[in-house]
Amino acid sequence: MGLGLLCVGSGGIRPCIILFGVDQFDPTTEEGAKGINSYFNWYFITITVVILITTTVVVYIQDSVSWVIRFGIPTMLMACSIVLFLVGTRIYVHVKPEGSIFSGIAHVFVAVYKKRRFKLSDDGVDNFNVNVHSVYYDPSLKGTTVLSKRTLTNN
């Protein structure tokens, strides 16, 4: 149960924190674009260092010193991060949500349903006529039947 909750928590926070951090920069300016690149660099370096410390130092503390201290360290760090987050809330850029979160998923299912009878060519050359500004094509999805049909045209 604990491992399942850990997976749900990690799966919920990691994608959100990346997007939240990127929202703090204006990508239309040169300074904002550099800030986004710097943010990604620092984000992944920090995650890597934290994982390294967690799998070495904190495990050593649990084995050699005390398991209570081992669980106390992440608890104190989480409390500090919550306090820092709340203190900085006033200066964060708050991006207003646009549209429904389900509309993009609904568009895919509608497109798949409408194109369910289309036949894919064997060589895969004529399967896709993709408008680069409206949809992304992932070649790894070529073998799937449902997801590869979402970008077919009605020619």
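No value in this document is a laboratory result; all are computed from the given coordinates. Quick caveat: nothing in here was measured; it's all calculated off a predicted structure. Cβ: placed from backbone, ideal geometry, glycine included. Neighbour counts: every protein chain shown.
Report the chymotrypsin sites (Phe, Trp or Tyr not before Pro) located in segment 41-116 that are in a DSSP loop and have at most 13 other Cβ atoms inside 10 Å of their Cβ, or state none.
Values: sites: TRP42, TYR43, PHE44, TYR60, TRP67, PHE71, PHE85, TYR92, PHE102, PHE109, TYR113; in loops: TYR92, PHE102.
Qualifying residues, ordered by number: TYR92, PHE102.
Compute the FRET efficiency between VAL83 and GLU30 as 1/(1 + (r/R0)^6), taking r as their Cβ-Cβ distance and R0 = 35 Å, and round to the nearest 0.05. Please report the intermediate quantities before stating the final value.
On the way: r = 34 Å, r/R0 = 0.96.
Between VAL83 and GLU30 the formula returns 0.55.
If amide H atoms are built 1.01 Å from N in the plane of the peptide, which residues on other chains or at least 5 residues away come under 5 Å of the amide H of ASP26?
Here the answer is GLY32, since their amide H atoms fall under 5 Å of that of ASP26.
Quick check on segment 1-82: take the gyration tensor over C-alpha atoms, sort the square-rooted eigenvalues as a ≥ b ≥ c, and tell me if it's rounded (a/c under 1.5), prolate or oblate. Spell out each step's value before the answer.
On the way: a/c = 2.96, a/b = 2.08, b/c = 1.42.
Judged from the Cα gyration tensor, segment 1-82 comes out prolate (a/c at least 1.5, a/b above b/c).
I want to make sure I understand the PRE zone here: with the label point 7 angstrom from the Cα of ILE18 toward its beta carbon, which residues in segment 29-71 have backbone N atoms less than 14 Å away?
37, 39-48
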